[in-house]
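Here's the structure, in structure tokens; my notes come after.
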Amino acid sequence: MSTVTEIARRYWLPAVIAAFCAAVFWAANYFERVPPILKRGIQPSDFPQLVSCLIIFLSLLLALGKEQPKPKPLSREFLLSLALMVGFIVVATIDLFLALGAFAASLSALWGERRVAALLGVGLALPVGAFLLFDQVFRIRFPRGLLTSIWYG
Amino acid sequence: MEAALSGLAALADPGLLLLVLAATVGGVVIGALPGLNATTGAALLLPFTLTMEPIAAIAVLTTIYCSATFAGAITAILINTPGTSASAATCLDGYPMAQRGEAGRALGMAAVSSTIGGILSVVCLMLAAPLLARAAYNFAPPEYFALTLFGLSMLASIGDGSPLKNLMSGAFGILLATVGIDLLTDVERFTFGMPELTTGIGFVPVMIGIFGISELLIQANSLGDLRERISVKTIRLPSLADYRKTWKTIARSSGIGTFIGILPAEGATVASMIGYNEAKRWSRTPEEFGKGAIEGIAGSEAANNSATGGAMVPTLALGIPGSPTAAVILAGLMVHGLRPGPAMFTQQAEFAFAIFWSMMLVNVLFFGIGLAGAKVFARVSLIPTRVLWPCVFVFSVIGAYALDQSMLDVWIALAAGVIGFFMRRYGFSVVPLAIGLILGDMLETRLGQSMVMLDEKWWLLFTRPLALFFFALTALALFGPLIWKIAARLAVRRKNAGR
């Protein structure tokens, strides 16, 4: 492995964390500043900047410490599950419960479930049951969508 | 005394008792399911408690906490997979006992030691929490600031991450807590023009994400791990000889667990490890540990269940969570508009004692339910992940939405889940993040108030004896292990030089 790759592999994590905190520090500079009489001890930007500096310092310590063990490679199932989650976000804009049913059944199938009854259970009965429970018992109003609009009228 | 009796009377409501019973069963099921633990269970069930009265809501959450902590032992003994991390030490002796046909005896000892440990710690909670609250009445903002800092410094030694990574995770949680309107100055911070963010990032969606959804992703990355299950034919209580052998261990571990639980942020996992190690250290037969020693189960289980009562002491008396699950319970208290702290024991003493009594009750309930239903619960542990986790996802999403009925909270939960997964993947525990998120606001407010009080001369913080004491404890928590390591290394070097 080349030295550059090795350095990148070793320091990318503390570097990303430090860069994120540097961005937070910079963004905090744009907070409104209050006059001394109203600032009640500290300016609104002081505390987030203090914490950002602390994390940057800890990132430096992390970079200087011993090399971190390489994590287990990401499995195909994991990547597909993550893709399903992205799909869930897209479908949820049409209808939350349609997305929940589709995600639950697809995830179950992806993880190896082949029984139709089980797939119907998690993909249909579970979201419908959960919807009725929260709607009727806990009086939670869900966002209107393709299916929920049928119920809400 | 009057408050204690009123609390008991408040719990005497049949509806509430039924709810506690149902939550006990629910908690045992949650604890028996590998991957789900008391913290995840409490986070997932938090939205269900929104419509309940505060006493009922918090009683449900504490019941889940106690019963799930106990139930982790069921899977630890029967399938060598701790239902909760607090039962990891129970695997060491529980599973070998089960392999040689003594699963019932092991489960019996787990139930007995858990119950004794749990009850002793609740007694301690009843006595210690009001005393601590009374002492905290003398705290001014600088003392509270120092105490909160001490609580956060204890994050260094918890969970599965390294101390450095735990501190980073905690600091990240504190940073998240700065999102929204600054309470001291009314200035918006990191809201990016989104009105939903002016009230800050909600505890509930973040907790559902980092505990529930991140675990789903971890399960996705480890599908196919096989588990061997041992059948349990009969459950029998430990014999008189077993009690004679273990009573000292149970008493010792209960004390250790309660003490560790009281320490801010330290929970049942650390308690069970120390309880187990101490049981081995004091045992007449330490060579049997790891091969099926009943004292090992007693040491671990008494400690992890007694930590639950201990953890509620700083949670209720000071508003500083004593464990990860206590952090979720603290979030539950805040969601219900309750502010834990000294005032809780004067203005809402009945409420506090109702919680104590419900914890006492659940420790008795799970003894019966755990023993009678161990065979069923062991079967529950084998619900396939391909069915269980889609269900968890559905309830996670609905739970995240339910609190403020906002889709933004759903996206926050999903984002927190993905971030939580990658944090855990790279060795960062998510528990400090949750605790940092809860304590961040308190830390900043107390710092601001201290600065006003001390006329912006921050160095005066170190002139107040009690604050100085907490700062010293903070330094000890952060640098103590390092100093200890250096001292040990120097001692070895000196010894070698002397030869």
Principal-axis tilt of helix A:46-64 within chain A, Cα atoms, nearest 10 degrees: 80 degrees
GNM flexibility winner over chain A from A:GLY112, A:GLY41, A:GLY121 (Cα, springs under 10 Å): A:GLY41
Cβ-based exposure ranking for B:ILE438, B:ILE355, in which fewest neighbours within 10 Å come first: B:ILE438, B:ILE355
Axial C-alpha extent at least 15 Å, average Kyte-Doolittle at least 0.5 - helices from chain B (DSSP): B:14-32, B:54-79, B:103-136, B:141-153, B:163-177, B:294-318, B:324-335, B:349-372, B:385-402, B:407-425, B:431-453, B:465-498
Using θ = phi - 60° and Karplus 6.51 cos²θ - 1.76 cosθ + 1.60, couplings along the stretch A:134-146 (whole Hz; Gly, Pro as x): 6, 6, 7, 8, 8, 6, 8, 9, 8, x, 5, x, 4
Farthest positive-ward along the stretch B:324-481 dipole, Cα basis, beta-carbon charges - from B:SER406, B:ILE355, B:MET442: B:ILE355
Filtered trypsin sites (Lys or Arg not before Pro), the stretch A:1-52: DSSP coil and at most 16 other beta carbons within 10 Å: A:ARG33
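Can you tell me the mean projection area, over all orientations, of the convex hull of chain A's alpha carbons? Units nm², please.
If you wrap the Cα atoms of chain A in a convex hull and average its projections, you get 16.6 nm².
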Straight-distance crosslink candidates among lysines, where the alpha carbon sits under 25 Å from B:LYS457 and sequence neighbours closer than 8 are dropped: A:LYS39
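Within chain B, which is the longest segment containing none of the chymotrypsin sites (Phe, Trp or Tyr not before Pro) that sit in a DSSP loop and have at most 11 other Cβ atoms within 10 Å?
On the way: sites that count: B:TYR137, B:PHE192.
Counting only loop sites that pass the neighbour cut-off, the longest clear stretch is B:193-499.
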Amide H contacts of B:ARG189 (H built 1.01 Å from N, under 5 Å, at least 5 apart or other chain): B:GLY180, B:ILE181, B:ASP182
Hits among lysines - C-alpha to C-alpha of B:LYS375 under 22 Å, sequence gap 8 or more where chains match: B:LYS233
Residues with amide H under 5 Å from that of B:ILE201, placed H, sequence gap 5 or more: B:VAL179
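FYI, it's all coordinate maths here, none of it is from the lab. From a predicted model like this one, the values you see are computed outputs, not experimental measurements. A quick note on method: Cβ atoms are made from the backbone with ideal geometry, for glycine too, and the neighbour counts reach across all protein chains shown.
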